[in-house]
Amino acid sequence: MKAYDMVIIGGGPAGLAAAVSAKKAGVESILILERDMELGGILNQCIHNGFGLHTFQEELTGPEYADRFIAQVRELGIAYKLHTMVMDISPQKVVTAMNGSDGMIRIQAKAIVLAMGCRERARGALNIPGYRPAGIFSAGTAQRLVNMEGYLPGREVVILGSGDIGLIMARRMTLEGAKVKVVAELMPYSGGLKRNIVQCLDDYGIPLKLSHTVVDIKGKERLEGVTLAQVDENGKPIPGTEETYTCDTLLLSVGLIPENELSKEMGVELDSVTNGPVVNESLETNIPGVFACGNVLHVHDLVDYVSEEAQRAGANAARYVKGEAEKKGNTITVAAEDGVRYTVPRNINTNGMDEQLTVRFRVGAVYQNAYISVYFDQERVMHRRKQIMAPGEMEQVVLLKQKIAAYPNLSRITVKIEKE
Ligand SMILES: Cc1cc2nc3c(=O)[nH]c(=O)nc-3n(C[C@H](O)[C@H](O)[C@H](O)COP(=O)(O)OP(=O)(O)OC[C@H]3O[C@@H](n4cnc5c(N)ncnc54)[C@H](O)[C@@H]3O)c2cc1C
């Protein structure tokens with residue numbers, strides 16, 4: 001069995017940034033395991049620009065952004081294995097992986113960083129009635145076909161779901177010569193970033209139908225059309241509102257699910273809202289020495305936040321490897337209430353905290369001119385007005401170690417949305 005100080009599962013932006021920061025923090029023996037044919041993760045298929053505005057103050061394409069981190073991994077001499085699928089991680093941190101040249105390999109790690117990203121929710125999870133003709137793709141699959149493999153999945157397209165991938169693909173398919181007839185969204189608001197609605201739909205005259213879903217699929221061999229209907233506040237189709245669109249392609253952009261089978265199997269506790277690991281201020285899971293970052297932890301809107309979070313995970317994992325992790329003392333619970341769906345992290349130990357800690361979360365509905373409030377036990381310590389908040393955009397509050405230290409008996413920090 002081989003041994004490394006740190007094994008990183010996944011060579012996407014999260015895995016790359018974690019590796020770079022761990023190496024810079026002095027960990028010599030690091031191995032990245034990536035199942036795909038190259039490093040970079042999902043960014044390799046995101047050839048549009050809009051990446052890196054926060055990290056590099058530049059507008060980069062996905063591959064350009066990934067390349068900045070891949071170059072650092074190479075310069076720092078960090079080892080990686082491609083085409084290598086991790087199949088199991090034991091609670092004792094033995095990683096079992098497989099590839100075409102080594103066969104089955106087992107690696108003992110001192111610390112592990114989970115950075116497996118997320119996958120798209122498929123048609124099966126949606127219960128759309130009708131036959132199963134060719135022509136129904138997840139938006140990410142279509143993106144890979146168009147941007148990496150050079151195939152156009154179809155010419156007349158309907159998109160279900162207005163998450164960022166669906167919006168980006170509406171524009172991409174249009175630029176490739178297809179006709180995107182409509183984007184339908186079940187919720188009364190879009191699940192994507194505002195900038196993507198403007199740049200990918202409005203700029204190309206593509207209609208967005210909110211509170212609509214697919215109620216019928218036409219065609220047996222190849223998709224011939226879909227019927228949309230408006231839904232009521234319970235998501236039930238309203239009879240008489242049906243409209244049929246002829247099309248040969250339906251793209252589904254109906255949510256992302258963190259890739260947590262490995263985490264679950266090894267006994268990592270998962271959060272029921274994010275489906276990602278429950279982590280503390282150091283992004284460490286309930287298994288000491290196992291850290292998580294990126295979309296496997298919670299689905300991010302911007303890759304810049306993934307990189308920033310992953311750098312923290314890598315640095316904290318390095319402290320663990322070097323035996324410098326702070327001894328755990330009193331734990332403060334971080335609770336999500338009143339419109340806040342979840343928080344990352346879910347608990348904080350001030351001993352392990354840096355001078356400041358970013359707590360990220362998403363809201364459950366659209367709020368206008370509402371306040372993000374933070375309570376230390378019963379006392380409100382932060383109250384910030386925001387013009388608009390939507391489920392598609394991640395929110396954050398920054399907690400200061402010094403401020404928390406002024407409350408020695410603090411047991412609970414609550415983040416909530418208040419109207420006034
Ligand atoms: C279509 C799309 C458009 C986007 N547009 C933007 C944008 O415009 N701007 C922006 O800032 N962000 C955008 N994002 C978000 C950004 O790309 C992601 O937040 C980011 O890629 C997440 O990084 P990650 O490393 O967590 O996951 P990924 O990039 O998914 O990387 C995870 C890696 O882990 C590997 N892996 C998984 N399981 C295993 C295993 N068992 N063994 C070995 N390897 C494994 C995968 O192959 C993959 O390479 C977009 C995302 C998508 C999907």
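The values are calculated or read from the model by the stated rules, or taken from the named source; none is laboratory data. Source: prediction; values computed, not measured. Because the Cβ atoms are built from the backbone with ideal geometry, glycine has one as well, and the counts that use them run over all protein chains shown.
Cβ-Cβ contacts under 6 Å between residues 6 or more apart (or on different chains), taken from a first residue in the stretch 140-159 that is surrounded by fewer than 20 Cβ atoms within 10 Å (Cβ to Cβ) to a second residue that is among the aromatic types (Phe, Trp, Tyr), are listed as 145/151.
Taking residue 221, is it crowded, with 20+ Cβ neighbours inside 10 Å and over 30 Å from residue 61 (Cα atoms)? Criteria not met by residue 221.
Yes/no matrix, rows are residues, columns are (1) away from the ligand (no atom under 12 Å from the Cβ); (2) modelled with pLDDT of 95 or more; (3) surrounded by 18 or more Cβ atoms within 10 Å (Cβ to Cβ):
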| residue | (1), (2), (3) |
| --- | --- |
| 57 | yes, no, no |
| 73 | yes, yes, yes |
| 82 | no, yes, no |
| 111 | yes, yes, yes |
| 114 | no, yes, yes |
| 120 | no, no, yes |
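Just give me the residues in the stretch 3-39 being within 7 Å of the ligand (Cβ to nearest atom) and surrounded by fewer than 22 Cβ atoms within 10 Å (Cβ to Cβ), in sequence order. Within the stretch 3-39, 35, 36 qualify. Please determine whether any residue of the stretch 87-100 is at pLDDT 95 or above, more than 9 Å from the ligand (Cβ to nearest atom) and in contact with a Cys (Cβ under 7 Å, 6 or more places away or on another chain). No, the stretch 87-100 contains no residue that is at pLDDT 95 or above, more than 9 Å from the ligand (Cβ to nearest atom) and in contact with a Cys (Cβ under 7 Å, 6 or more places away or on another chain).
Checking each residue in the stretch 167-181 for being among the aliphatic types (A, V, I, L, M) and either assigned to a helix (DSSP H, G or I) or closer than 16 Å to residue 209 by Cα (or both) picks out 167, 168, 169, 170, 173, 175, 180. Taking first residues from the stretch 34-50 that are under 14 Å from residue 84 (Cβ atoms) and partners that are of a type in the set (A, V, I, L, M) and within 7 Å of the ligand (Cβ to nearest atom), the Cβ contacts under 7 Å between residues at least 6 apart in sequence or on separate chains come to 35/85. Just a yes or no: is a residue in the stretch 190-198 more than 21 Å from residue 50 (Cα to Cα), outside the structural domain of residue 62 (by the TED database) and out of contact with any helix residue (DSSP H, G or I) (no Cβ under 8 Å at 6 or more places or on another chain)? Looking for residues that are more than 21 Å from residue 50 (Cα to Cα), outside the structural domain of residue 62 (by the TED database) and out of contact with any helix residue (DSSP H, G or I) (no Cβ under 8 Å at 6 or more places or on another chain), one finds none in the stretch 190-198, hence no.
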